[in-house]
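J.: Below: one structure in structure tokens.
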Amino acid sequence: MSKGKYYITTAIAYTSGKPHIGNSYEIVLADSIARFKRKDGYDVYFQTGTDEHGQKIELKAAQEGLTPKEFVDQVAGTIRRLWDLMDTSYDRFVRTTDEAHERQVQKIFKKLYEQGDIYKGSYEGMYCTPCESFWTESQLVDGKCPDCGREVKPAREEAYFFRMSKYADRLIEHINSHPEFIQPVSRKNEMMNNFLLPGLQDLCVSRTSFKWGVPVDFDDKHVVYVWLDALTNYITGIGYDCAGESSQQYHKLWPADLHLIGKDIIRFHTIYWPIFLMALGEPLPRQIFGHPWLLQGDGKMSKSKGNVIYADDLVDFFGVDAVRYFVLHEMPFENDGTISWELLVERINSDLANTLGNLVNRTISMSNKYFGGVVADKGCAEPVDGELKAVATAAYGKVAARMEELRVADALTEIFVLFKRCNKYIDETEPWALAKSQEKRDRLSTVLYNLTEGIIMGASLLEPFMPSTAVKIAQQLNMELRTFGELGSFGLCPCGNQVVSKPEILFARLDAKEVVEKAQAMFEQRAASGSAGQDQAGDGAASAQEEAGIDLEPKAEITYDQFDQLQFQVGEIISCKEVPKSKKLLCSQVRIGSRVKQIVSGIKQHYSAEEMVGKKVMVLVNLKPATLAGVVSEGMLLCAEDKEGKLSLLVPEREMPSGAEIC
């Protein structure tokens, strides 16, 4: 009998490029929750998809020589391929370019306008293109976007606005009376203290400065702004109609039981989205969980560095279930997690190869060696058996409690408590010693039966998190995975069951050095080819403008002797700061061999002082010192400049020591 419906969604992925492993983590997390709920008796509907409109998309498509629709079709295809690769069991992959979604967005916008929640005005502020957000000067952090830290530019345009303040008090009351609504609690406190309690400003919900969006059907100069468009996918994807003709599916599934999103978009989902729903007269979702980020252990992932880790990279190295296990197990409930090649190898070797793989292999091998693969309980019990049985039968309750709190990493830990207890049971009972005595064969058979039972119970719990591995374990034991309802009983394995004759190695031990070297070679090849690991437009292919190249007016020829007077070396930036009262200049301390030179560069609009630190750069060392904005500069950093005036520092293709000569 069903425990009821359970509607879970992820944030829809933005189609500006291929998602890295930190983005892919969310779909795996959602999938583990959806699979667990299904197995726990719920009627689950799991929706994901892609967010495909906005100025950033329009600009990227133009750079690639594609129409916006051609561009998003390619990227959406890549995203769906990755979600499928990670063995995710979504029921619907929605796209905001779907005709049915766009039609409903227009109807929603018009309804909100006609009832006075949306009004026409003009907007003037600081605009962040990557985030597609307007900010006031007071909201900026060090003059930059408070969300992403990137540069903002002044912008003014006619726009429609939503009256957020009209619903603010009602939302505050809802949050206070529903403590489970925003999780973790730290996210709730942030939204209340930083946004709701100080007072909400009206929200810009249309744009006129670009065309790639859902048109406002009664004012064709405007397109619907990304958040009103994107957020409504959670209801349009299941058949919502604001004219009162919503589908049976909508009435069955809404309100959503869980919106699973990254912490960076918590404001949009816990403030804007609930207020939109209030204005539409629809119930609010039951819970919104803002999960932390998965960060690269040896520094920030960067396409320019060529070190971005993608899910398919990791699958090629380790396999799907090993990657699923890592991202689920290593992500804390509230704080950011860390991923590195070394940590991946360590976790796979210790947890998957040793604790789990070795347990299954040893148990099946001993069953084959001592009893021809036949597993039977001979009733020859000892007190230590009760301890194993207690851990096994209590495991489901502990895992379910953790999952109810969305503490997925802790749930996995509870499952591995059972596997570790099985390993300890082997050490306690010493089957190899029992095998030496004919009189102890019944005890040996009982021990191996208990191990087999403990393993299949653990594998049944593991299925939502590592589905393929759980099935492989069951196949090797020649058993069916248990339902959760069966996990309260120990001893359901029929006596006389025959395990496979030769166990398969579930996870092989890896050499960390070899893996890191192989990964480094992959990154070097990627950087050399300029592909950045991408397989869709927008992130790897050269744009038409780049292919055409740039022609400069030739300068007078020089002799080799003249060139030889210039001294170029590799330098390492050890510190950097902005030059006071200058809009363009950064002052870097550059280590060149054993010397440190101070170099002032007009690159502040292209690089922040923080991201300069640690870079290996190409330096003209013997340039005569000059004073710029009152600061002495003792050299020059070499840059390339495109037709739009964008600068890129020249860096060595391979790792080179500070002071290496450039010749």
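J.: Would you confirm whether any residue within the range 62-77 is out of contact with any Leu (no Cβ under 8 Å at 6 or more places or on another chain), on the phi > 0 side of the Ramachandran plot and among the small types (Gly, Ala, Ser)?
T.: yes
J.: Just give me the residues in the range 233-249 being under 13 Å from Gln47 (Cα atoms) and of a type in the set (Phe, Trp, Tyr), in sequence order.
T.: Correct list: Tyr234 only.
J.: Output the number of residues of the range 568-585 satisfying the condition of being free of Cβ contacts under 8 Å to residues at least 60 places away in the same chain and within 24 Å of Glu653 (Cα to Cα).
T.: Counting residues in the range 568-585 that are free of Cβ contacts under 8 Å to residues at least 60 places away in the same chain and within 24 Å of Glu653 (Cα to Cα) gives 4.
J.: Could you please give the count of residues in the range 316-326 that are within 17 Å of Pro19 (Cβ to Cβ) and either touching a Leu at 6+ places or on another chain (Cβ under 6 Å) or buried (at least 23 other Cβ atoms within 10 Å of the Cβ) (or both)?
T.: Number satisfying all stated conditions: 3.
J.: Leu510 - would you say it is farther than 26 Å from Val375 by Cα, of a type outside the set (Ser, Thr, Tyr) and part of a loop (DSSP other than H, G, I, E, B)?
T.: Spelling it out, Leu510 is indeed farther than 26 Å from Val375 by Cα, of a type outside the set (Ser, Thr, Tyr) and part of a loop (DSSP other than H, G, I, E, B).
J.: Cβ-Cβ distance below 8 Å, separation of 6 or more or different chains: which pairs start in the range 63-80 with a residue that is without any contact (Cβ under 8 Å) to a residue 60 or more places away in the chain and end on one that is not in a helix (DSSP H, G or I) and not β-branched (Val, Ile, Thr)?
T.: From residues that are without any contact (Cβ under 8 Å) to a residue 60 or more places away in the chain, the pairs are Val72/Glu52; Val72/Arg95; Arg80/Phe93.
J.: Can you tell me which residues in the range 2-53 are on the phi > 0 side of the Ramachandran plot and surrounded by fewer than 22 Cβ atoms within 10 Å (Cβ to Cβ)?
T.: Gly4, Gly41
J.: Every residue in the range 582-600 that is of a type in the set (Gly, Ala, Ser) and under 38 Å from the mean Cα position of the chain (by Cα), please.
T.: Residues satisfying the conditions are Ser582, Ser588.
J.: Tell me, which helices (runs of 4 or more DSSP H) wholly within the range 1-95 include 1 or more residues that are β-branched (Val, Ile, Thr) and more than 28 Å from Glu132 (Cα to Cα)?
T.: 21-39
J.: For Ile364, all conditions in the list (1) in contact (Cβ under 8 Å) with a residue 12 or more places away in the chain; (2) under 30 Å from Phe317 (Cα atoms); (3) out of contact with any helix residue (DSSP H, G or I) (no Cβ under 8 Å at 6 or more places or on another chain); (4) of a type outside the set (D, E, K, R) hold save one; what is the number of the exception?
T.: (3)
J.: Just wondering, is there one or more residues in the range 10-20 that are of a type in the set (Gly, Ala, Ser) and modelled with pLDDT of 95 or more?
T.: Within the range 10-20 (the criterion being of a type in the set (Gly, Ala, Ser) and modelled with pLDDT of 95 or more), the answer is yes, since at least one residue qualifies.
J.: Which number in (1) touching a residue at least 40 places away in the same chain (Cβ under 8 Å); (2) more than 25 Å from Phe276 (Cα to Cα) marks the one condition that Val141 misses?
T.: It fails just one condition, (1).
J.: Among (1) surrounded by 13 or more Cβ atoms within 10 Å (Cβ to Cβ); (2) within 17 Å of Thr363 (Cβ to Cβ); (3) within 30 Å of the chain's Cα centre (by Cα), where does Ile505 come up short?
T.: (1)
J.: Residue by residue through the range 427-473, note down the ones that are within 17 Å of Arg362 (Cβ to Cβ), of a type in the set (Gly, Ala, Ser) and under 41 Å from the mean Cα position of the chain (by Cα).
T.: Within the range 427-473, Gly454, Gly458, Ala459 meet the criteria.
J.: Now for a separate question. Picking from Glu514, Glu504, Glu486, which residue would you name as being within 24 Å of Leu461 (Cα to Cα) and out of contact with any helix residue (DSSP H, G or I) (no Cβ under 7 Å at 6 or more places or on another chain)?
T.: From the options Glu514, Glu504, Glu486, the qualifying one is Glu486.
J.: In the range 233-246, is there at least one residue being on the phi > 0 side of the Ramachandran plot and among the small types (Gly, Ala, Ser)?
T.: Yes: the range 233-246 contains one or more residues that are on the phi > 0 side of the Ramachandran plot and among the small types (Gly, Ala, Ser).
J.: Related question: Among the residues of the range 173-181, are any buried (at least 22 other Cβ atoms within 10 Å of the Cβ) and either out of contact with any Leu (no Cβ under 8 Å at 6 or more places or on another chain) or over 25 Å from Ser16 (Cβ atoms) (or both)?
T.: no
The values are calculated or read from the model by the stated rules, or taken from the named source; none is laboratory data. Just so we're clear, the structure is a prediction, and the values are computed from it rather than from any experiment. Please note: Cβ atoms are built from the backbone with ideal geometry, for glycine as well, and neighbour counts cover all protein chains shown.
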